[in-house]
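In what follows, a structure is listed as structure tokens, so that the remarks can point back to it.
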Amino acid sequence: MSAITAPTGRRARRWRVPIIWWLLLATFLIAWLLVSLYGRGNFVAASTLLNIVERATALGIVAVGQTFAILVGSLDLSVAYLISVTAVMASFIMQGDPSRVPLALVVVTAIGLTVGLINGLLVTKARINPLIATLGMGLILRGLLNASFQNFAGSVPESFQVLAYGSIGPIPVPLLLFAAVVAVGALVLARTRFGAHVYAVGGDRATARLSGIRSDRIVIGAHVVASLAAVITGLYLASRLRSGAPWIGPDGVYDLESIAAVVVGGTVLAGGRGGVLGTIAGVLIFAILDVMFNQLGIGSYTKQVLRGLIIIAAVAVYAYRSREVVG
Amino acid sequence: MSDARAAPRVPAWRVALAVVGKTAPVFLVLLILIAWITYLNPRFIEPTFFLNFLRRSAPLMILAAGQLFVVVSGGFDLSQGSLVTLTVLAGALLAFGDPANTWWVILVLYGIGLLVGVFNGAVTSYLRVPSFITTLGMLLTLKGLALLITGGAPRGALPPNFRAFGRAFIEDVPLLGRLPWAVIVLVVLSALFIYLFHTTVLGKQALAIGDNQRAAALAGIHVARVRITAFVMSSLSAVTAGIMLGGFSGVSINVGDGLELEAISAVVLGGAALLGGRGNMPAALAGALTLQALFTLLNFLGLPSPIRVTVQGAIIIGAVGYAAWRAVRAGQERGA
């Protein structure tokens, strides 16, 4: 988000992608070692690994969307409440009736599109700082949601719970969903014109504009992607909890944690550099640490203290090596 | 750097006056809100009630003042709210209701604040971690620490002389009636903040760094030192706000939740530019007062509390959007 970004050239790009994967590997090995020495259970058991992926799914999907917002030099603080709105609206509309699932999907998608569009318009056309614009949007959603719902509303039908509990062959559906979102996100960034424009606009909005890119549209598009990813996370959580509650988004701190995951994954907060795969590594690091702390029997408060310090340390690892000016 | 014309020699009050004239919107909005509240409840403007309103606004105003130093230098301090929580919980735990403990506990709390500020500033300056991430990590860490030392539920109690800063009054003051301690502290600190920001070199250097860090460094400003000082101001103001909030709302584990975003909103309402280079202290203080007046108004209007949150969101967007629109228009008029 800092306005000043020094070009770091090719040398920087060569190590930037690997370093997060080294961090991921190191985290995994350290966690394995610690759990083997001091913990209970077998860390490399299939159940533990699946547990890691399942923990990563909800945060991972919203973080993929957040990556788009951050890549264009913006960010989205409204995702946590959009997740709640989606989960509650979906389960409220479905009321346990399988025939109402399509209607629910249409409604929550429309909500996501609207929120993303408004966020994007506020940031581009009204030139409001994204922090304030999406914070304000989050407050608006929160107020509307809490005015209408105080507790679990409705329920999702059995058939919809497949999203969280089903499996195709040996592969759990959440894992497929996660992989699909990541694949789409990575492909869009790497192979489409929109993806290329996202990097161009994030690198230097004015230059992109002068090169003939309609940068406002790209920023709006990125915000729509961020909102739609939050909608998918909301649907997944509704399916997992079998109903939607207003507090599931803010309780998971999906707004700040998704930003942290994106940045830990090597995407620059100022935009223009990074990508979905790094974000996934960041999310997996968080999930591995979560599972490790659990198996080591570390309390949730200590976990929170360590998690904060780890976020700072992880970003410091490569922030220190780049010669960038930060705010 | 739009405040460059205010040279260090000019007395603080004249700078403040000039600044007020230049950034009228927030003061106008504040006046309108106060007039509206007074229309709904004429007693609001009576000294006793108004001083009480100021007392409730004091923590947010002090937080906003501290936050302004960080914001104009181009950063954010998201750890303020968690530091407020830690201040209240650790204060209650350390003092354990014994008035004899109050003074050393307050010293310890300010020591913690100093450490947090130096850490935030040093990590941002020397390790080049964006302050958004540094202070976000700090937010999680401090909240976790507060919960950890208390075991997740408030323990101990704040002694009466500790709580006095938030809840005590001086009775029978001529003209004013009951004068809250918090308001006296607020006035003294506001004057100090305005002095520090507008007449000492610290404020100028913070603005210069926020405007163009490289240029500031080349001009001989010790960027890291100024940055660290800015984060220390922010953290110390959070400890101060925590001491006050502990006084009048008592000990709870979520006393500070979301305050950092309210403080940033207040600063932005006061016309400061996020990402640095523009901002002034009286307007930031007025921004915090405006936010508090808005909460009060929505309360008087009898809106259900969730809707108040929605209106707050809309107002923040509207105010910043208006400022952005004005900036664009001003730029066009200058032919920029």
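List of remarks:
- Of the residues examined, residue A:162 is not one that is closer than 28 Å to residue A:48 by Cα, out of contact with any Leu (no Cβ under 6 Å at 6 or more places or on another chain), without any contact (Cβ under 8 Å) to a residue 24 or more places away in the chain and not basic (Lys, Arg).
- In this structure, residue B:259 does not qualify as more than 20 Å from residue B:182 (Cβ to Cβ), within 14 Å of another protein chain (Cβ to nearest Cβ) and buried (at least 19 other Cβ atoms within 10 Å of the Cβ).
Yes or no, residue by residue, for (1) of a type outside the set (Ser, Thr, Tyr); (2) crowded, with 21+ Cβ neighbours inside 10 Å; (3) at the interface with chain B (Cβ under 10 Å from one of its Cβ atoms):
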{"residue": "A:100", "(1), (2), (3)": "yes, no, no"}
{"residue": "A:113", "(1), (2), (3)": "yes, no, no"}
{"residue": "A:116", "(1), (2), (3)": "yes, yes, no"}
{"residue": "A:120", "(1), (2), (3)": "yes, yes, no"}
{"residue": "A:124", "(1), (2), (3)": "no, yes, no"}
{"residue": "A:127", "(1), (2), (3)": "yes, no, yes"}
{"residue": "A:131", "(1), (2), (3)": "yes, yes, yes"}
{"residue": "A:141", "(1), (2), (3)": "yes, yes, yes"}
{"residue": "A:151", "(1), (2), (3)": "yes, no, no"}
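- Checking B:231, B:248 one by one, the residue that is among the aromatic types (Phe, Trp, Tyr), surrounded by fewer than 24 Cβ atoms within 10 Å (Cβ to Cβ) and part of a helix (DSSP H, G or I) is B:248 and no other.
- Residue pairs whose Cβ atoms lie under 9 Å apart, sitting 6 or more positions apart in sequence or on different chains, and linking a residue in segment A:255-266 that is at the interface with chain B (Cβ under 8 Å from one of its Cβ atoms) to a partner that is basic (Lys, Arg), are A:260/A:307.
- Of the helices (runs of 4 or more DSSP H) lying entirely inside segment A:152-262, those containing at least 1 residues that are among the hydroxyl-bearing types (Ser, Thr, Tyr) are A:158-165, A:193-203, A:205-210, A:215-241.
- Selection count where residues are of a type in the set (A, V, I, L, M, F, W, C) and over 21 Å from the mean Cα position of the chain (by Cα), scope segment A:26-58: 13
- Selection status of residue A:58, within 25 Å of residue A:166 (Cβ to Cβ) and either buried (at least 17 other Cβ atoms within 10 Å of the Cβ) or in contact (Cβ under 8 Å) with a residue 12 or more places away in the chain (or both): yes
- Test: residue in segment B:59-72 that is at pLDDT below 90, farther than 30 Å from residue B:153 by Cα, in a helix (DSSP H, G or I) and not polar (S, T, N, Q): no
- Among the residues listed as B:133, B:184, B:194, the single one being crowded, with 17+ Cβ neighbours inside 10 Å, assigned to a helix (DSSP H, G or I) and more than 14 Å from chain A (Cβ to nearest Cβ): B:194
- Qualifying residue in segment B:282-299 (condition: in a loop (DSSP other than H, G, I, E, B) and in contact (Cβ under 8 Å) with a residue 24 or more places away in the chain): no
The values are calculated or read from the model by the stated rules, or taken from the named source; none is laboratory data. All of these numbers come straight from a predicted model, not from anything done at the bench. Glycine also receives a Cβ, built like all others from the backbone with ideal geometry; neighbour counts cover every protein chain displayed.
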